[in-house]
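Take a look at the structure set out below.
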Amino acid sequence: MRYMMATALAVAMAVAPAHAKVLRYSTNADLLGLDPAINNEGPTNAMKTNLYEGLLYRNFNLSLAPALATEWSQVSPAVWRFKLRQGVKFHDGTPFTGADVAFSLTRYQSEQADMRGYMATVKEINVVDPATIDFVTNGPDPILPQQLPLFFIMSKAWAEKNNTTQVVRGTSAPTFINFNANGTGPYKLVERVADNRTVVEPNPLWWGKLDNGITRAEFRPIANAATRVAALLSGEIDLMYPVPSQDKQRINSSKGTKVLEGPELRTIFLGFDQHRNELLDMKGSGKNPFKDKRVREAFYKAIDIQTIARVVMRGESRPTGSMVAPGIAGFSDDVDKRPAFNADEAKKLLADAGYPNGFPVTLDCPNDRYTNDEAICQAIVPMLARVGIQIKLNAQTRSLHFDKIGLKENRNTSFYMLGWTPGTFDAHNMLVNIVTLDGPGAGQNNSGVYRNPKVEELTLKAGTEMDAKKRNEMLVEAQKIHKDEYGHIPLHQQTLAWGVRDEVIDGSVKPRPSNDVDLRQIKMK
Amino acid sequence: MFAYIVRRALQSVLVMASVAFVAFTLFQYMGDPINQMVAQDATLAERENLRRVLGLDRPFYVQFLVFLKNLVTGNFGFSFRVGTPVAQIIAERLPATLELVLVAAMFALFVGVPAGVYTGLHRHGALSRFMLTISLIGVSLPTFLIGILLILIFAVVLGWLPSFGRGQVVQLGFWSTGFLTTSGLKALILPSITLGLFQTTLIMRLVRSEMLEVLRADYIKFARARGLTNRAVNFGHALKNTLVPVITIAGLQIGGLIAFAIITETVFQWPGMGFLFITAIQFVDIPVMSSYLVLVALFFVIINLIVDLLYFAVDPRLRIDRSVSTH
Amino acid sequence: MSVWRSLQDLVRRFLGSDVFYSFRRSPTVVIAFALTLLFMVAAALAPWIVPHNTYEVASLSLNDAFLPPAWVSGGKLTYLLGTDDQGRDVFSTIVLGARVSLIVGFASVFLALTLGVALGLVAGYVGGITDSIIMRVADVKLSFPAILIVLLIDGVARGLLPRDLHDKAAVYVIVLAIGLSTWIQYARTVRGLTLVEKNKEYVQAARVIGLHPILIMFRHVLPNVMGPVLVIGTLGLGVAVLTESTLSFLGVGVPPTEPSLGTLIRIGNNFLFSGEWWMAIFPGIFLVILILSVNLLGDWLRDALNPKLR
């Protein structure tokens, strides 16, 4: 028996080398899957950024830096030229070439790829010579480089060998590529056990240098917020987000832990089904009230966002009228002004629209994606009930929610919550994904099918406009039209809050405005 | 003797077969696996083709036999929700549950037996009455509430013990254990008390009533008449004779512990099989549900069989048929 | 009709019996009885007597969320036990929650009792292969703890129903699950008693005059086996309430829009660490009192009706 214990201890010591610095971090749900071309979601994209690289990389201050490309320039209005970094190898040792970029493009542009919006303007990629490639776009594309940090390059040979060249849509699809990764990124995948842990270690073949002290990083989802807080306090994890508003004080007052806060670039909003002729909950009526602008306006004005900010968010949010946050290119103070809360006016608008007694509708909500998401929806229910709406809440976990409101289930929603951080930090990305349908790759997250020809036109034009000032005017105008039509109900930007153990996390670490953990930007003591 | 063992074994096989049949029916008719596997816009021909490849067009009994063969070879299919083989997920979770159940059973025995002896010997003592009252309240408290109260007291207010998870675990081959680290041992305390409390009170009451009965027996009176010390009578004769039923009942209770671990694991976010089962129910993850069912049934059948054989070996008077179990 | 008459008879016998005497003699039982009665009356009248109807979502005010109990600083008198995260009055949610818990409890006991008594009667009276089949099913089910079977039935029902019906059907699903997993005790007891009654003279006589077996079973045998069934039913109510609250706590029971006591505890559990303890603790206390009272009553009834223990 003693011998066995001794062996066991030896094993225990062997797995924990003396100077190992293991970063254990957590958020409220598991990654949706590692396939680079699908699952366009913040935490998932952040993990992909650890494992894969784009041609360019986005710094902490949101500026672009060289990654797989060392130089880039626009050689003609519709051609961007990139010099490829030489000597780069994938995790499995195969060399990186221009052919891999071209291959990754075909996956991104497949019908099933959620990420196709990022590569929508690209017509083709030409390999000029082993060190040079050209992106040929459909017309001029001034912001192509902005899309590249999320255009992850994968190995063509590896994908073919593992029979994973096709993209399979759906969160957590049980495909090989959702559980394995072979990128050029600074970290390589050690283990992925769905719903339990995703473990990465520094990639010794990486061209750059990592000096953040992390020898191993373990991502462990913990669904229950109270449990996640407890895990941080007891030292079982080193970093976690989001911190529930009500637990901030407790973390700050405990020894060894603190809350890091910052503004977040994500906007939380509600959307309406403006597409079906009949609302899902009004079978047989032949009516879709949300097609009437007055109804959308009534919903907008019935929601008392200030009280939500004070009580549900405990002061940790910034109510907004804009679909993008300050700091995003194309943000406008004017658009940000929110029509005031006015329940009486909402009632009147509903009566004018022919619904004095309201109508039934279900609010679809995630319950583990955004800070207090379910609580916000729960708070909205009585507000809408007070103006006469028979509202039901359907709150569920993020993967089911995204599948339901997304293309997987053909936008099976009438009224839903979503949050969006433009991946390019430019309002154009929001317009393409959320409020338009016609442009290339557009409407991936336009779950209510909002559509306005003028907005479509402005968005398309802004996509090819090279003059920055003119472009900005177009973006603002498109947002204004959308706002005046009450196309969506922007709610707020949440304050992001990370809980960290300050005895292991370096003091220089700041939460990224996109609220994701990019391991390169974390430093351990 | 031999015939009895064969009959019991056959009975166990029968139970397992019916459970497997229920699991199979779940598998086959609750979630069409085809829908889970193909893209939304797959054509009818593609679906039919896949159906043929997977053998889902074969007659019912053939499919059932294939299912049985898969079970026996440890092939439980793929989880609908996370897309990994169910066998792998369960193997990952099994050590957590078994360690928890083991510690809870130890707790129940080492607290329940002495408490039962004490209350049996001192029938009218104040401490006995107190213990019996506590045990009555303990039975009426829902498991999850006990867990919440323990968390509130020892984790939130006092901050002594962790409120969730297994702490640091050490990987010994395929087995991950929490027994080798301080944090792992600390993490076991609250969940195992929560899980074991009901069994503790049960064992205590059982030992108590057995003690009361045995102490009235003639051979005890005779032993006292012979002038043996109280100590020798109580522990040498009385306790020894109460232990056979206690150990067998305790054995049967291990099955109950595995089932109630579902609740404890949810309260403490313990990464075991029970927690997995609850998540599977919420997500209607049929393969995980039915595999869990088959596995737990297997545990039950084996435990019941062992206990029955034990009875048979220990007490010759019981060499008659007993029904399967006593829950 | 004979069941009714025998019940009347039972009540008359009860008031003049040792049972009633032992009831009056035990203060614990009287208190337990009073509490159970109080709970039932409160639950029955809940929608009319609660200070705030928390089902009326339009009446909820977020401004009143997270208020502590009235006696803690910051509390308001209108919210005696404080409010929850949505501004619902905790006391009102408890009374309404107890109503849901008791409705589920009674309905599932009724289902289990009907099913168990009927099957037990048939198994005991008819015997033979019918008996074997019913009892083997019971044996297999008894190999597993009830909670597992309840969870399984719950899971199967969820699989069969479309996802958007889950919340609506939740209560029925739970009643079905608890009922289907607890009928065995009734069946076993009734079967055993029926085997005894079957050979008594009055049954023989009924058979001789050519009464239909079903008539004999339900009119003559049934009234004579109802006593123990009543005991199992009372204890079963406690178990059913406990099981329902457990399911709801696990998140596969009653949805949070019209919560039961278990659902309330689950919601409150999220706020344990941030100091809003009243959201979980008060529903917990009420749940324990309810189960304890019903159990004490059942225990007492069992002892009182068991001549061996008298």
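Data overview
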{"item": "In nm, spacing of pseudo-spin labels at B:Arg224 and A:Asp467 (7 Å Cα→C-beta vector)", "result": "11.0"}
{"item": "For A:Ile505, distant residues with modelled amide H under 5 Å away", "result": "A:Lys525"}
{"item": "Sulfur and carbon atoms: percent of accessible area, chain C [1.4 Å]", "result": "68"}
{"item": "Rg(Cα)/(2.2 N^0.38 Å) for segment B:93-284, N = residue count", "result": "1.19"}
{"item": "Per principal axis, descending, Cα span of segment B:225-296 in whole Å", "result": "67, 24, 12"}
{"item": "Over chain A - Rg/Rh using Cα atoms and the Kirkwood inverse-distance radius", "result": "0.98"}
{"item": "Per-q log10 I(q)/I(0), segment A:400-525, q = 0.09, 0.11, 0.16 Å⁻¹ (Debye; single scatterer per alpha-carbon; no solvent)", "result": "-0.36, -0.51, -0.88"}
{"item": "Low-density loop cleavage sites - chymotrypsin sites (Phe, Trp or Tyr not before Pro) in segment B:126-181, where at most 12 other Cβ are within 10 Å (DSSP)", "result": "B:Trp160, B:Phe174"}
{"item": "Kirkwood hydrodynamic radius (C-alpha pairs) into Stokes-Einstein, segment C:159-310, 20 °C and 1.002 mPa s, D in µm²/s", "result": "115"}
{"item": "Accessible surface, per residue, of segment B:93-284 when the full set of protein chains is kept, probe 1.4 Å, Å²", "result": "42"}
{"item": "Alpha-carbon radius of gyration plus Dmax, which is the widest Cα pair, for segment C:253-310 in Å", "result": "16.8, 53"}
{"item": "Sum of -39500 (n - 2.57) over DSSP H runs of 4+, divided by residues of the protein assembly as shown (222 nm, nearest 500)", "result": "-16500 deg cm²/dmol"}
{"item": "Whole-Hz ³J(HN,Hα) from phi, Karplus 6.51 cos²θ - 1.76 cosθ + 1.60, for segment A:446-460, glycine and proline x", "result": "8, 5, x, 6, 6, 8, 9, x, 5, 5, 4, 5, 4, 5, 4"}
{"item": "Theoretical FRET efficiency, 1/(1+(r/R0)^6), r = Cβ-Cβ of A:Gln306 and C:Val41, R0 45 Å, to 0.05", "result": "0.60"}
{"item": "Spatial extent of segment C:17-309: Rg and Dmax, with the Cα atoms as the point set, Å", "result": "22.3, 77"}
{"item": "Cα→Cβ-extended label distance, 7 Å offset, between A:Lys337 and A:Val193, nm", "result": "5.6"}
{"item": "Helix axis angle, A:373-386 relative to chain A longest principal axis, alpha carbon, degrees", "result": "0"}
{"item": "Loop sites in segment A:31-127: GluC sites (Glu not before Pro), DSSP, at most 11 other Cβ within 10 Å", "result": "A:Glu111"}
{"item": "Segment B:93-284, relative contact order [Cα under 8 Å, separation at least 6], %", "result": "34"}
{"item": "Nearest 10 degrees, 0 to 90: helix A:2-15 Cα axis against chain A principal axis", "result": "70"}
{"item": "Estimated buried accessible area (total), pair C and A, 1.4 Å, Å² to nearest 100", "result": "1700"}
{"item": "Whole-number Å³ per residue for the convex hull built on Cα positions in segment A:166-245", "result": "140"}
{"item": "Calculated on alpha-carbon atoms, Rg and Dmax of the protein assembly as shown in Å", "result": "33.0, 113"}
{"item": "0 to 90° range, to nearest 10: angle between helix A:468-484 axis and chain A longest Cα axis", "result": "50"}
{"item": "Two-site FRET efficiency, C:Lys76 against A:Glu345, from Cβ-Cβ distance with R₀ of 35 Å, rounded to 0.05", "result": "0.75"}
{"item": "C:Val137 paired with A:Glu201, simple spin-label distance in nm, labels 7 Å along Cα-to-beta-carbon", "result": "5.7"}
{"item": "Convex hull per residue volume in Å³, alpha carbons only, for segment C:101-200", "result": "96"}
{"item": "Trypsin sites (Lys or Arg not before Pro) lying in DSSP loop within segment B:188-239, provided at most 13 other Cβ fall within 10 Å", "result": "B:Arg216, B:Arg226"}
{"item": "Neighbourhood charge, 14 Å Cβ-Cβ cut-off, centred on C:Arg207 and excluding it, Lys, Arg +1 and Asp, Glu -1", "result": "+1"}
{"item": "Proximal lysines to A:Lys258, defined as alpha-carbon separation beneath 18 angstrom and excluding residues fewer than eight positions away on the same chain", "result": "A:Lys248, A:Lys510, A:Lys523, A:Lys525"}
{"item": "Buried on assembly, segment C:150-182 (at least 30 Å² less accessible surface than by itself, 1.4 Å probe)", "result": "C:Leu151, C:Leu152, C:Gly155, C:Val156, C:Arg158, C:Gly159, C:Arg163"}
{"item": "A:His492 long-range amide H proximity, modeled H, under 5 Å", "result": "A:Ile268, A:Thr320"}
{"item": "Local electrostatic count, C:Ile216, Cβ distance below 15 Å [Lys/Arg +1, Asp/Glu -1]", "result": "+2"}
{"item": "Protein accessible area in chain A, 1.4 Å probe - carbon and sulfur %", "result": "51"}
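The values are calculated or read from the model by the stated rules, or taken from the named source; none is laboratory data. Predicted model, so just to flag it, every value in this text is computed and none were measured. Backbone-built Cβ (ideal geometry, glycine too); neighbour counts: all protein chains shown. Side chains included, ligands, DNA and RNA excluded: accessible areas come from the protein's heavy atoms. Shrake-Rupley method; radii C 1.70, N 1.55, O 1.52, S 1.80 Å.
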